[in-house]
Every structure is written in structure tokens, then in C-alpha cells.
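Where a number appears in this text, it was derived from the coordinates with a stated rule and is not lab data. Just so it is clear, the model here is predicted, and its values are computed rather than measured. All Cβ positions, glycine included, derive from the backbone under ideal geometry; neighbour counts span all protein chains shown.
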Amino acid sequence: MTHTVLLAGDSTVASCPAFEAPMSGWGAQLGAYVGRPVRNFAKGGATTASHRAEGLWAALLREVVPGDVVVIQFGHNDQKDPGLPYQDNLRAFVKEARRAGARPVLCTPVQRRRWEGERLIPTHGDYPERVRALAAAEDVPLIDLTAATTELYERLSPEGSKALFTHFPPGVHPLYPDGIADDTHFCFRGADEVAAIVAARLKEIA
């Protein structure tokens with residue numbers, strides 16, 4: 001039986017609407033790399049709290065067949081509301097995924113493109129470390145996308161890494177006539193690169 005990969009996360013994971021193309025979360029590109037079905041329940045703007053409150057998490061669990069893999073990546077929006085019990089919410093996701101018969105996998109958040117000279121500036125505070133600690137405590141496989149995307153961007157350089165994101169000067173792209181310089185959301189190429197990283201790690205652990 002071919003098991004499905006189900007995704008919970010925010011806009012950096014989500015499938016973007018056509019009018020935002022080529023903006024894309026990495027989850028939209030994952031199917032091409034894992035060779036099995038992918039169902040993407042990530043949503044732009046989602047936190048660990050809103051994903052549950054809006055019914056997305058319940059919808060994901062309803063689709064789970066024992067043996068499926070549930071990949072969870074939050075942090076970009078949770079960080080904006082320090083009052084949210086981020087780690088507790090992730091722990092609940094892990095327990096509920098396991099109860100449904102799925103194998104949970106935790107991801108640290110992908111980096112934003114923020115530079116100081118040739119070095120990337122971390123922007124997520126202690127959120128990546130909180131995910132790492134939870135993964136260790138609950139014996140959950142971890143995909144450290146904070147570390148992996150830091151390495152990726154720095155290898156490409158400040159200028160080269162721009163090609164991973166939704167960057168267009170005015171008058172170049174018909175959907176962004178006024179231009180755009182988005183250092184959080186990937187374009188197709190960036191989503192592809194990160195999806196390949198996730199897929200490679202999934203082959204090792206799930």
C-alpha cells in the first residue's frame with residue numbers, strides 16, 4: 001500500500017492561488033519528489049492555534065490512514081503572537097497524529113531571506129530550538145529546515161538567493177505590475193529546492 005504524506009503548516013508550505021503565481025509553498029512541489037500522494041492542509045497566515053480553530057487539523061486527521069506520514073511546520077505566524085502555546089500545540093498535533101495511526105514528522109520553520117553582509121540573520125528567535133527540543137522529547141523525526149535553508153541561501157549568496165523568492169521589478173511580471181520583493185515566500189524554484197530537501201529527509205525517516 002502506498003501511504004500518503006499529509007501537510008500541516010503556513011504559507012511557506014501551502015499551495016498558493018493561481019493569481020499569486022509563481023509564489024509557492026514547498027508543499028505544493030513535494031509530490032514530484034516523494035513518489036506518493038501528498039495532501040496539503042497548510043494555509044497562508046496559519047498558526048498552530050488557527051489551524052485547529054478553522055478545522056484544518058480535523059480535516060487532515062479525517063483523511064489519515066494508518067501508516068500515513070503527517071509533516072508539520074509552523075512558526076512564521078505563531079512568532080507574531082508570543083502568547084500562543086506553540087510547543088504545547090505542536091505536542092498535541094503529534095499525539096493526535098499518532099492516535100490516528102500516522103507517523104508525525106516535525107519541521108523547524110524555513111528561514112526568511114535576511115542578510116547581514118554574507119551571513120543570514122536568524123529571524124525566528126527560539127522557535128526552531130523549541131521544535132528541536134520537542135522532537136527530542138517526544139521521539140519524533142525532525143527535518144531541520146531552519147538549518148537546511150540557511151545553508152541553501154548562504155551557498156547561493158545574498159544576490160543568488162533572491163532567485164528562490166518572489167522578486168520582480170516593476171513591469172516585468174503581469175501578476176505583479178508594480179513589482180514585488182518578498183523575502184518570506186518562495187517562487188516555484190525556491191519551493192522546488194526546499195521540497196527536494198524535505199523529500200530526501202522523508203526517504204531516510206519515513
TODO: Could you work out the equivalent-ellipsoid semi-axes for the stretch 111-175, taking the square root of 5 times each eigenvalue of the Cα gyration tensor, largest first, in whole Å?
DONE: 30, 14, 10
TODO: Please give the length that would be gained between residue 123 and residue 88 if that part of the chain were fully extended, namely 0.36 nm times their separation in residues minus their C-alpha to C-alpha distance (nm, one decimal).
DONE: 10.5 nm
- [ ] For residue 16, enumerate residues with amide H under 5 Å from its amide H, sequence gap 5+ or separate chain, H modeled in the peptide plane.
- [x] 25
Open item on the list: Considering all alpha-carbon pairs of the stretch 45-100, what whole percent are spaced by more than 19 angstrom?
Closed with: 25
Open item on the list: Quick check: the angle from helix 127-138's long axis to the longest principal axis of the chain, C-alpha only, nearest 10 degrees?
Closed with: 20
Task: Angle in degrees between helix 145-160 and the longest Cα principal axis of the chain, rounded to the nearest 10 - done: 10
TODO: Would you work out if the stretch 1-54 is rounded, prolate or oblate? Take a ≥ b ≥ c from the square roots of the eigenvalues of the alpha-carbon gyration tensor; rounded if a/c is under 1.5, else prolate when a/b is larger than b/c, oblate otherwise.
DONE: oblate
Open item on the list: Modelling each spin label as a point 7 Å along the Cα-to-Cβ direction, I'd like the residue 99/residue 196 distance in nm, to one decimal.
Closed with: 4.0
TODO: Sketch the reach of a paramagnetic label on residue 32 as a point 7 Å from Cα along Cα-to-Cβ, and name the residues of the stretch 1-23 whose backbone nitrogen lies under 12 Å away.
DONE: none
Open item on the list: Viscosity 1.567 mPa s, temperature 4 °C: what is the translational diffusion coefficient of the stretch 1-133 from Stokes-Einstein with a Kirkwood Rh over Cα pairs, rounded to a whole number of µm²/s?
Closed with: 84
- [ ] Pop out the Kirkwood hydrodynamic radius of the stretch 62-206 from its pairwise C-alpha distances, inverse of mean 1/r, in Å to one decimal.
- [x] 16.6
Open item on the list: Give the separation of the Cα centroids, the stretch 88-159 to the stretch 163-206, in Å.
Closed with: 17
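Let's see if you can work this out: charge +1 on each Lys and Arg Cβ, -1 on each Asp and Glu Cβ, no other charges. What is the dipole magnitude of the stretch 80-206 about its Cα centre, in debye to the nearest 20?
That gives the stretch 80-206 a dipole magnitude of about 400 debye.
Tell me whether the stretch 138-186 comes out rounded, prolate or oblate; compute the Cα gyration tensor, take square roots of the eigenvalues as a ≥ b ≥ c, and use a/c under 1.5 as the rounded threshold.
Note, shape of the stretch 138-186 comes out oblate.
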